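Working notes, structure below.
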């Protein structure tokens, strides 16, 4: 049960990182990923994608009309969340 607790704790931390970005709207999740909408038209999905990929981070993108400005972020290790937080701060 220790791993489940760790994932839940890291998911909460990841949610705070995503929700703390003024250009993202994180959607609460009970799964092992968080969906976030790029809500700032000035920033745009492409800018987020370019910035995080420059730091070696891959996010899940969608080509569906209803999800075209969303990214899916998988809950990982604490160091993954730290690296993502650093990359998102550069957007």
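The values are calculated or read from the model by the stated rules, or taken from the named source; none is laboratory data. Model, not experiment: these values are computed from the prediction. Glycine also receives a Cβ, built like all others from the backbone with ideal geometry; neighbour counts cover every protein chain displayed.
Just one of the numbered conditions (1) over 21 Å from residue 9 (Cβ atoms); (2) touching a helix residue (DSSP H, G or I) at 6+ places or on another chain (Cβ under 6 Å); (3) crowded, with 16+ Cβ neighbours inside 10 Å is not true of residue 90: (3). When the residues of the range 1-19 are filtered to those that are in contact (Cβ under 8 Å) with a residue 24 or more places away in the chain and either more than 21 Å from residue 69 (Cβ to Cβ) or surrounded by fewer than 13 Cβ atoms within 10 Å (Cβ to Cβ) (or both), the one that is farthest from the chain's Cα centre (by Cα) is 7. Counting residues in the range 61-83 that are out of contact with any strand residue (DSSP E or B) (no Cβ under 9 Å at 6 or more places or on another chain), farther than 18 Å from residue 31 by Cα, surrounded by 16 or more Cβ atoms within 10 Å (Cβ to Cβ) and at pLDDT 95 or above gives one or more.
Looking at (1) modelled with pLDDT of 95 or more; (2) more than 12 Å from the chain's Cα centre (by Cα); (3) surrounded by 15 or more Cβ atoms within 10 Å (Cβ to Cβ); (4) in a loop (DSSP other than H, G, I, E, B), which is the one condition that is false for residue 40? All conditions are met except number (1).
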